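Read through the structure below, which is laid out as structure tokens, and then see the notes.
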Amino acid sequence: MREVSVIRRALSEPLLHFVVLAAIVVAASRLYERHHDQFRIVMTDARVNQLAASYHQQFGVEAGPELRERIVDGSWRLAD
């Protein structure tokens with residue numbers, strides 16, 4: 001009977017609630033960071049087409065596959 005009252009008092013302690021909640025938040029944060037890299041660059045087809053259209057507008061030449069690849073490789077360097 002005494003063990004039950006000790007457990008019941010511990011479970012009603014606000015500090016325990018805070019520690020458990022903090023542990024859940026930290027675990028969720030670590031899980032999120034593991035699956036979402038903030039430094040990852042995603043180059044969509046729409047962005048590649050936009051870069052190719054910009055190149056065509058500037059230089060008057062259609063960007064072929066090799067040139068598109070070079071434009072994409074160089075575009076992230078220009079994003080500073």
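The values are calculated or read from the model by the stated rules, or taken from the named source; none is laboratory data. In this text the structure is predicted, and so the values were computed from the model without any measurement. Virtual Cβ from ideal backbone geometry, glycine too; neighbours counted across all protein chains shown.
Here are some conditions: (1) closer than 28 Å to S75 by Cα; (2) over 33 Å from the mean Cα position of the chain (by Cα). S5 meets all but one. Which one does it not meet?
Unmet condition: (1).
Restricting the first residue to region 69-80 and requiring it to be within 13 Å of Q50 (Cβ to Cβ), which pairs with a second residue that is of a type in the set (S, T, N, Q) and at pLDDT 70 or above meet a Cβ separation below 9 Å and a spacing of at least six or different chains?
I71/S54
Looking at E33, E66, E62, which one is among the acidic types (D, E) and exposed (fewer than 10 other Cβ atoms within 10 Å of the Cβ)? Don't jump to the end; show me each part of the working.
Working: E33 fails: exposed (fewer than 10 other Cβ atoms within 10 Å of the Cβ); E62 fails: exposed (fewer than 10 other Cβ atoms within 10 Å of the Cβ).
Of the residues listed, the single one that is among the acidic types (D, E) and exposed (fewer than 10 other Cβ atoms within 10 Å of the Cβ) is E66.
This table checks each residue for (1) under 30 Å from R68 (Cβ atoms); (2) assigned to a helix (DSSP H, G or I); (3) among the acidic types (D, E); (4) modelled with pLDDT of 95 or more.
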position: I7; (1), (2), (3), (4): no, yes, no, no
position: L21; (1), (2), (3), (4): no, yes, no, yes
position: V25; (1), (2), (3), (4): no, yes, no, yes
position: R30; (1), (2), (3), (4): no, yes, no, no
position: R34; (1), (2), (3), (4): no, yes, no, no
position: D37; (1), (2), (3), (4): yes, no, yes, no
position: V42; (1), (2), (3), (4): yes, no, no, no
position: R47; (1), (2), (3), (4): yes, yes, no, no
position: Q50; (1), (2), (3), (4): yes, yes, no, no
